[in-house]
Every structure is written in structure tokens, then in C-alpha cells.
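Following: one structure in C-alpha cells, then a few remarks.
Bear in mind that the values in this text are calculations on the coordinates, not laboratory data. Just so it is clear, the structure is predicted and the values come from calculations on it, not from any experiment. Neighbour counts are summed over all protein chains in view; Cβ atoms, including those assigned to glycine, are modelled from backbone coordinates with ideal geometry.
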Amino acid sequence: MIKIFLDSIKLTLVLAIITGLIYPLVITGLANIMFDDKANGSLLYDQNHKVIGSKLIGQAFTSNKYFQGRPSRAGNGYDALLSGGSNLGSTSQKLIEGNKDFDGIKQLAAKYRLVNKIDFTTKIPVEAVTASASGLDPDISYENAMLQAPRIASVRHLSQNKVTDLIELNVQKRELGFIGEPRINVLILNLDLDKLP
Amino acid sequence: MTFLGICQIFFFISLILLIAKPLGLYIYNVLEGNNTLFSGILRPSEMLIYRLANIDFCEEMNWLKYTQCVIAFSLVSMLLTYLLLIFQNLLPLNPMHFGLSDAPAYATKMTPDLAFNTAISFTTNTNWQSYAGETTMTYLSQMLALAFHNFVSSATGIAVAIAVIRGFIANRVGTIGNFWTDLTRITIYILLPICIPLALLLVSQGVVQNLNPYLTFTTLDNHNQTLSFGLVASQEAIKNLGTNGGGFFNANSAHPFENPTPLTNLLEMLSIFIIPAALTYTFGKMVKDTRQGVALLTVMTIIFLIGTLVTYHFEAKGNPNFKPYNINYATNQLGDSGGNMEGKELRFGIANSSLFAVVTTDTSCGAVNCLHDCLTPMGGLITLLNIELGEVVFGGTGSGLYGIIVFAVLSVFIAGLMVGRTPEYLGKKIEKKEVKMAMLFILIAAFSILVFTAIASVINFPKDSFWNSFGSGTNNLNNVGPHGFSELLYAFSSCTGNNGSAFAGLSANTPFYNILLGIAMFLGRFFMIIPVLAMAGSLSEKKLVPASIGTFPTYSYLFVILLISVILIVGALTFFPALCLGPIIEEFLMRQGKLF
């Protein structure tokens, strides 16, 4: 029995070094040689070479001149240190009707209508009033972007066509034509918007 | 449901069925000690490991010795992880200074009960997480204390499954192999060679892999954001391949740095299912009748497809409580970005989220790409039931195969009762001892899930007590009403089933929950392994009897139907009352518009 424990200790140490140290460090080395940008977070920089975000991680947009992402329950919204979602079930009153500290579907829909000046007869796509699992979802749907387009055009004094053209350009298609969902990366769309003359 | 959504589900399962045979054959050759593709480079490393660890690789073990090795190795490696976690503040690769006096405000303290829970969790292949990775774990803890277990706990599961098969094929030999060589070979010939390209593929899509400190910057719209990094891709690969499921980040495979694109999502789902699927072929090859493996794979595929389509149907239907606010969630207008999108990522949509949820609970993986707590009641029911059926639909690496073998033994026993003959499986007579062990396997799981859920539902502590600062056990829930009960039931099902996914609203990081869930994980792992190895031991001493006219063929359609029925009936009879109190009643109340 003692021999079994001694063998266990030795094998544990050997396998721990192989799988817990050598393997991850070798992958880190290879990844940084082969895919330097991606291994380090797919970062985006402004003209002064300062980091303004990661292509993959959603950001909070509160100004009217920017397209807004989905509601986020990560911290106070898009807090990348507190990734996570609402964890509320389908029959949760808090999720549907909200309370004084928490915006439910009811308040989120009302705010979305108010900001974008949409009346009650227009339906809002479900993804625009629900929070993602990570709270860091970088994408919105085409329908959601189109509903925000008139607001963007009027705040930025652009023609609506120009904005909708930009949306069309930014639609990311399904992988290999059928895997995943079509979507629009909000940060990249907003960066493109800032570049418009 | 959409046409494309269904196409993606069938595309996924077709790929699995295609890879199962070649990989199963490779695993068979590795475990038989035959020469394989990588033997040229790997054989010397294997021998070096034996020499370093001073291991007698020729020894043949009986079941008792094999079990002792499994337990001893698990205890030793669990202790190593516990110590690494407790002292993580003193160890290197801690760029954010967790546990030190200048730790950032968001850092969570590593308490002894949290370290205990985490060590058991990763040793038992559960990967239940009472912590959030990015605010609790140092990089060294992630790679050495946790990812190391992702390899060895998975390899241990596979080794046990192989030992059980050897029990069936041994003709009065009494031995079932050598745990040390099984463990070593599985790790270096099977897991590592798949993980290396897999990790690099994940990086190529955007999964991060670095040792950088966290990065704080001002976003485009002038907010502050801090990005957390780490050695994610290397851990992500083995997290899924070994059906471990413990995320690097709190949001697990929903986090864009763990699962950035639909393509990585597909790779991750494939890597979860592939070893359990391949092992059915290895099994067939070892018992020298591949039809036996095909029968098991057929059972798995059928139950998997039913579960996936039911979940997908209900998630796509969405939540009727959204109606009063004029929200558009019809999938015939929005495609798979309609339906119940709460707790789901847009890039995956309803189809890939439902598929992932079923894949991760059919196996003992527990990685999530959507929040299971936010699933519709029926979607939640399927994930819960998948775990409670014993995770035998593909199942964990190894644990799925020995689980379904236990159910197969029960099935032939029931068939034997019906015709009044001594049942046989794979040429071995199934007698009192085997059936006792099989029943023990099923009863211990049911006991742990139901009794512990009951305890947590009624227990009371004073507010701010050491054991549970929330007060009574139900104060830790995030939801009230039947969904709150589902959160508790899910937690104990997940831990006992060594799954590790959660209805994550439950705040489980208190000594009471950490310890009780820890015990559930321990029971769910070792008190499954011991009876199943005892069964293998008893079988290995028996004579192989040739099939006769009266033998019930265990590769026939009839057997497939019987096995499916036994799995579903045993699971349903055991858990139906509890499920009624949770998801089933919630479904009816949701349709009536009742909120809690």
C-alpha cells in the first residue's frame, strides 16, 4: 500500500510537469509565433496606437451617436472582469417586469423604444432586450441595427442611406455558409461610423 | 426551429460518427501496446516516464490493486491541487497579485473550503466552479493545479472503462491490466497529441494564449474596461476533450476569449463528444465483435437526437411572457436569433446553444456556451434529465462507457428474468454479484442527488453564520418558485454526475455548499468506480461461455430498444417526482403567465 502511494506521488509529479507546465508553455510559445495578434486578444488601436478594445469583446455604448450593443449583466454592463448573465429563469418576475434596481424586459423595451423613437406597434427583436450569457457579446442582429439606423443618421446629420449601407457592409455571414448566425460587430461598426466624412 | 438549425445539428452528429471509428481503432492500438503513428517519438518518452517514476510496467493487476492505484493516485493529485491553490499567493505567475496585500479590489479570496471544493471538483472530472476564474485563480493555478487534472482525471476515467472491458474478455485470469501504464499511455498518446493541434486551431480563431497582466483602457465611448487574459487555448482544448468543462473565465465557453466564433464552437462540441464516441468502437474491437460497440453507439445517438430536438424546439418557441411588450421572437422571421435569447450569445443563436447544452449534459463535460439557468423550463428539464440518466449518452471520457455497460448488464438481467434464463453479456454469466454492483452504482447516485437536495431545501442557519452567511439553504438561490428548486436539484445532480455545469444563480461559495457539493462529487466519482471495478474483477475470474441458441444477442435492434427503455425508465422512475416540483410545474405556470 505504501509503495502504491509512493508510485502515485512520483507519477503525479512527472505528469503534472508534462501536462501542467511543458504543454501550456509550449502552446504559448507556438501561439505567439504563429498567431501573435489573436493569442494576445485581437486588440484594436486608435491613431495614437492606444488600445481601444478587443474585436471580440463587446463594449458599453451609452452615447446616442453610437450603435448600442445588447443589454449586459456583466457588472454594470460589459465589465470584462465580471463575465456572466442574469441567471434568471423564464418565470422570473425580476427578469420580465424588473424592480427598482433592475431593468426587466419591460423597462429595457421601453427604453429602447424611447431612445430610438419607435412606437409600440413596431416589434423589437428579442436579442435587443435580452442579456447574453457572457455579458460581453460583441454582436447585434441586422434587424436591431436597422432599427437604430434612423437615430444614428439624425444625431450625426447623415443620410439614412449612408448608415444603412454601412450596416449592410458590416454583416458578418455564417461560417461556411451554414454554421452559426449572421451578425454585426458593434465596435467595428461604430469605428467605421466614426471614419465616415 | 429553422432548416439551417437542424442541418447544423445533423452535420455535427455525422462528423462524430465519421471520426468515431478511426479514433476508436487508434485508442485500441494504444492500449494494446501496438505500434501507432506516433510511437517513434512517444515510446521513448513513455519509457522515460516509467523510469523517472520507477514503475513496473509489466505488472498485471487484479481489480483490488487497480482500484487502490486509482484511489491513491486521485488522493495524491487532489492534495497537490489543494496545496497549490492554498499557497497560490506565494507562487509565481501571479501577475494580478491575487492573495497579496496589493491585490485588486475585485479579487476573491481563496478560502480553505473553496480550495477543498475545487480540488475535489477537478480530481473527480466534475469541474464544478464555486469561483470565477478571472478574479480568483493565478495563471499557475489554472495551468498546474487545474488543467493538469483535466488531463489525468479524464485519463483515469478512460483507464477504468478499459479495465472494465478487460474484465469481460479475461478468461479466468483475474487481472484487468496495469493502471500506471494505462494512465500514462492515455495521457501522452491520446490526449496530448489531440490537444496540441486543437489548441492552436482555437488560437487561430481568437482564443487567447498568453501570460500578460490584465489590460485596462478607455473604450471608444469613454468607459473603462479591463480585459483578463491567460493560458486559455491550451486549457480550453483539454477542458472539452477530457469532458472536464471547467472554464478559464466565469462565463465559460460563452466568453468570447474562450469561444470566439461559430467555428470554435463546433470544434469544442466535437472535442467533447469524440472520445466517448470513439470508445464504443474501442470496446467493440476489444470484445472482438464491433457490433456490440455499434449497438451502444446507436442507443447513445438516438437518445442524444431526441434530447437535442426537444430542447431546440422549446428554446426556439421562446418565452410567452415577453408577449405583452411587443417583442419579436419568432424564429420564422428572425431565424435562430429569435426564440429564448436570454442568456445566449448571438453568434451561436438558438440552434447552437441548444445543441451545446445537450452535448455538455449528455457527457459529463459541463462547459456551457449559454446560461442553463435561463433555459426555458423544458430545455432545462432535458439538461437536468441528461445528467440524472447517469450521463451514459456518450457520457464522460470513460465514465460514459462504463456507465452504459452497467445499464447493459441491467438490461440483460431484466431480459433474463423475462425468459427465466441466467443472463449473459459478452460471453460472461451475469450473476448475483454483478447485478448487486450495478444496482449499487445506480442507487448511490440517486441517494446523493435526492437526499442532498432535500437537505439543502430545508436546512436553516442563522443569518451570517460561518456555515452559510446567507442564512437558510434556500436563501442562496437567485430564483424563487419552482425554478429556485430546479437550481438546487441541478447543483446536486451536476456534482453527483460529475458534470459541473450549473443553474448558476445558486451562490454556492459558502462552507455549507462547498463541502456538501464536494461530498456529492466524491460519492459520484469513487463510489461509482469502486462498484464497477468490483464487477470487472468478479467477471475477470469467470469462464467465457460460447454463445448458444438461447443467448440474447446484445447487438440486435431488440437489445437497442430494451437498453433505451431501461435507461429512460430507471431515470424517470427515480427522478420524476423531483422533476415535477421543478421544471415540469414551471412549464405549466409559465404558459399561464404566472411569475415569481
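Restriction of the trypsin sites (Lys or Arg not before Pro) in segment A:94-197 to DSSP coil positions whose beta-carbon has at most 11 other beta-carbons within 10 angstrom yields A:Lys100, A:Lys117, A:Lys173. By the rule of a C-alpha distance below 22 Å, with chain neighbours fewer than 8 residues away ignored, the lysines paired with A:Lys195 are A:Lys50, A:Lys55, A:Lys65, A:Lys162. Applying a DSSP loop filter and a limit of 15 other Cβ atoms within 10 Å to the chymotrypsin sites (Phe, Trp or Tyr not before Pro) in segment A:110-164 leaves A:Phe120.
Quick check: Cα centre of segment B:530-565 to Cα centre of segment B:220-273, how many Å? Segment B:530-565 and segment B:220-273 have Cα centres separated by 40 Å. Legend: mean number of C-beta atoms from other chains within 10 angstrom of residue C-beta atoms, peptide A:114-126, equals 4. Taking only the C-alpha atoms of segment A:43-194, the Rg (one decimal) and the largest Cα-Cα distance, Dmax (whole number), read 15.8, 49 Å. For the protein assembly as shown, the calculated P(r) over all alpha carbon pairs, in 20 Å bins from 0 to the bin holding the longest distance, is 17, 51, 28, 4, 0 percent.
Between the alpha-carbon centres of segment B:13-79 and segment B:105-153 there is a gap of 25 Å.
Coordinate range of the alpha-carbon atoms in segment B:407-560 per principal axis, descending: 67, 30, 23 Å. The mean count of C-beta atoms from other chains within 10 Å of the C-beta of residues in A:42-48, rounded to a whole number, is 2. The relative contact order of chain A comes to 19 percent, based on Cα pairs under 8 Å that sit 6 or more residues apart.
Estimated from helical segments only, the mean residue ellipticity of chain A at 222 nm is -12500 deg cm²/dmol, where each DSSP H run of four or more residues counts as -39500 (n - 2.57). The reciprocal of the average 1/r between distinct C-alpha atoms defines the Kirkwood hydrodynamic radius, which for chain B equals 24.4 Å. When you filter the trypsin sites (Lys or Arg not before Pro) in segment B:425-518 for DSSP loop state and at most 12 other Cβ atoms inside 10 Å of their Cβ, you are left with B:Lys463. Length gained on full extension, A:His49 to A:Lys162: 37.9 nm, using 0.36 nm per residue less the C-alpha separation. A simple spin-label model places the labels of B:Glu541 and B:Ala330 6.9 nm from each other, with each point 7 Å out along Cα-to-Cβ.
The value of relative contact order for chain B, using C-alpha pairs under 8 Å at least six residues apart, is 19 percent. Please report, ordered by residue number, every helix of chain B (full DSSP H runs) that is 24 Å or longer along its axis going by C-alpha atoms and whose mean Kyte-Doolittle hydropathy reaches 0.0. Once both thresholds are applied, what remains is B:3-31, B:63-86, B:148-169, B:262-286, B:290-317, B:399-419, B:432-458, B:511-540, B:557-579. On the principal axes of its alpha-carbon atoms, segment B:122-264 has extents of 74, 29, 22 Å, going from largest to smallest. Between B:Ile6 and B:Leu83, the distance separating the two model label sites (each 7 Å from Cα on the Cα→Cβ line) works out to 5.7 nm. Between A:Met146 and A:Lys111, the simple spin-label model (points 7 angstrom out along Cα→Cβ) gives 2.5 nm. What separates the Cα centres of segment A:126-186 and segment B:491-527 is a distance of 40 Å.
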